[in-house]
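**Student:** Before I ask anything, here is the structure I am working with.
The values are calculated or read from the model by the stated rules, or taken from the named source; none is laboratory data. As the structure is a computational prediction, the values presented were derived from the model and not from experiment. Note that each Cβ is placed from the backbone with ideal geometry, even for glycine, and that neighbours are counted across all protein chains shown. To get the accessible areas, we keep the full protein, side chains included, count just its heavy atoms, and leave off ligands, DNA and RNA. Shrake-Rupley method; radii C 1.70, N 1.55, O 1.52, S 1.80 Å.
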Amino acid sequence: MLDPRLLRTRLAEVAAHLARRGLVLDTGRIESLETERKGLQMQVQALQGERNARSKAIGQAKASGADIVPLLAEVSDLGDRLKAAEARLDEIRQTADAIGLSLPNLPHASVPDGRDERDNREERRWGEPPSFAFQPRDHVELGSLNGWMDFDLAAKLAGSRFVVLSGPLAGLHRALIQFMLDTHTREHGYTEVYVPYLVNADSLYGTGQLPKFEQELFKVPGERDLYLIPTAEVPVTNLLRDRILAAGELPRKWVAHTPCFRSEAGSYGKDTRGMIRQHQFEKVELVQAVRPEDAFQALEDLTGHAETILQRLGLAYRVVTLCAGDLGFAACKTYDLEVWLPGQETYREISSCSSFGDFQARRLQARWRNPDTGKPELLHTLNGSGLAVGRTLVAVLENYQDSDGRVIVPEVLRPYVGWQDVLA
RNA sequence: GGAGAGGUGGCUGAGCGGUCGAAAGCGGCGGUCUUGAAAACCGUUGAGGAGCAAUCCUCCGGGGGUUCGAAUCCCUCCCUCUCCGCCA
């Protein structure tokens, strides 16, 4: 959520920033709502004040034994007037809140202009895409050739966009998770957390998935109405909800491995082959909560932590800054890491590292006590994949294949798979 | 699934329908004392909003109701805890 004060006092500026996302703000409507709100609120507060004063007087009169009947007559219609004014104010508030919740975050000044992924800015490349003396297979071929990956079987169990992994590949998948968690906890200072995979609506409002993106979630119907998490970002960031942290507790750095569930409602026909876009996938997620002044550096650090995994695995990748038009709803700045996939002969997203400013913190009421002011102030939150496990598995298969369709195990993973050098 | 208890400020925890944004303790901050620290003592300390300001308004799990007036009474929903049953 944007700072409501910004919307009131610097509406034109906000509109200009949002225009970079390709969003046209109806400033006239917002201004007239605001004018109406202000008038009504002052009216309501005046009536409330009058009610309080008169009620207090009645209490005092009663205590001193005076006759309160005439006093009661004076306030006879006050309640009704107040109730009517409150109802109108409530209506305006709801409309204004709905608009507020629907507005995305403002892009950071360092974010390039642009409409979609074609306008993203490449920052750097790491590693060389491997060259093969043969026609490299994609992960689907490699998986089925070895009998490790079965989409038909998964379709029987659950439908499209699921997979069954078996044997050494299932083991490698697990090894990747372990390797990522170990690296982030031992070397990058993150605390591992295990969290619920089902969350309530409040949590999804907090991180910005609701109310706008309900169609991308799997809802579990029942008396409780829970949702399967689309990313660990939701439960982990919500650890901060309605809390005031002491300055000494910052920065908080959490890492969590969870499955992620996405309906992929808007992507029919996109990436239908293989494991790239699934309804269920594993991800190791990095989440940080920092002081506002540290957020910019924290994004660089967090992105670096994700990059470390790719580097240790020896996978070529590039880093791109998302342009304003491609930015996610809650983010003010995002770096995507894209790994080289020989099967597609292209770089594909494997991690997305974002800074949210105080956008999520405001919805979450996630605060810290600033020792300089003594006041609770909003935190800044960040998160990034470190990494998407399914896509990392794809990358390892395709980059480490030989001409016979065998797969070499990257060295850093060997301790996790019984020291095999070839997957078998 | 059955029975019961409870949700109050950063935390613990009091609170007859009226002067209660709320006792007390802890914690925090400031001070006295001390070479310094601890202890002790004194003072101070909830959050959000409107307004240039004086000041005013809202908030005691959420929502609704009764009342001139609700933390306190009623309804409803949510959550937590304890015991019994079942169970990975």
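**Student:** Per the Kirkwood formula on distinct C-alpha pairs, the Rh of the range A:20-122 is how many angstrom?
**Tutor:** Roughly 18.0 Å, rounded to one decimal.
**Student:** Could you give the accessible area per residue of the range A:199-292, probe 1.4 Å, as a whole number in Å²?
**Tutor:** Normalised by residue count, the accessible surface of the range A:199-292 is 44 Å².
**Student:** Please give me, ordered by residue number, the GluC sites (Glu not before Pro) of the range A:118-223 that lie in loop per DSSP and have at most 16 other Cβ atoms within 10 Å.
**Tutor:** Counting only loop positions with at most 16 other Cβ atoms within 10 Å, the GluC sites (Glu not before Pro) in the range A:118-223 are A:Glu223.
**Student:** Here's a follow-up. Between Rg and the Kirkwood Rh of the range A:1-42, both from Cα atoms, what is the Rg to Rh ratio?
**Tutor:** Working: Rg = 11.0 Å, Rh = 10.9 Å.
So for the range A:1-42, dividing Rg by the Kirkwood Rh gives 1.02.
**Student:** Something else: Which percent of the accessible heavy-atom area of chain A goes to carbon and sulfur, probe 1.4 angstrom?
**Tutor:** 49 percent
**Student:** Here's another thing I want to ask about it. Hey, what number do you get for chain A at 222 nm if only DSSP H runs of n ≥ 4 count, each worth -39500 (n - 2.57), divided across all residues, to the nearest 500?
**Tutor:** On the way: 13 runs with 166 residues, N = 424.
About -12500 deg cm²/dmol.
**Student:** How many Å³ per residue does the convex hull of the Cα positions in the range A:201-357 occupy?
**Tutor:** Cα-based convex hull of the range A:201-357, divided per residue, equals 136 Å³.
**Student:** Just need the Rg to Rh number for chain A, please, alpha carbons only, Kirkwood Rh.
**Tutor:** When Rh is taken as the Kirkwood radius, the ratio is 1.10.
**Student:** Within the range A:87-193, list the chymotrypsin sites (Phe, Trp or Tyr not before Pro) lying in a DSSP loop whose Cβ has at most 14 other Cβ atoms in a 10 Å radius.
**Tutor:** A:Phe132, A:Phe134
**Student:** Same structure again: Within the range A:290-342, which GluC sites (Glu not before Pro) sit in a loop by DSSP and count at most 14 neighbouring Cβ atoms inside 10 Å?
**Tutor:** Answer in residue order: no site qualifies.
**Student:** Let me know the volume per residue of the alpha-carbon convex hull for the range A:20-69, in Å³.
**Tutor:** Dividing the Cα hull volume of the range A:20-69 by its residues yields 84 Å³.
**Student:** Can you work out the accessible area per residue across the range A:60-166, with the rest of the protein chains kept in place, probe 1.4 Å, in square angstrom?
**Tutor:** 65 Å²
**Student:** Pairs of alpha-carbon atoms within less than 8 angstrom and 6+ residues apart define the contacts here; what relative contact order does the range A:117-416 have, in percent?
**Tutor:** So the answer I get is 25 percent.
**Student:** List nothing, just return the count: lysine pairs in the range A:117-416, 8 or more apart or interchain, with Cα separation under 29 Å.
**Tutor:** 18
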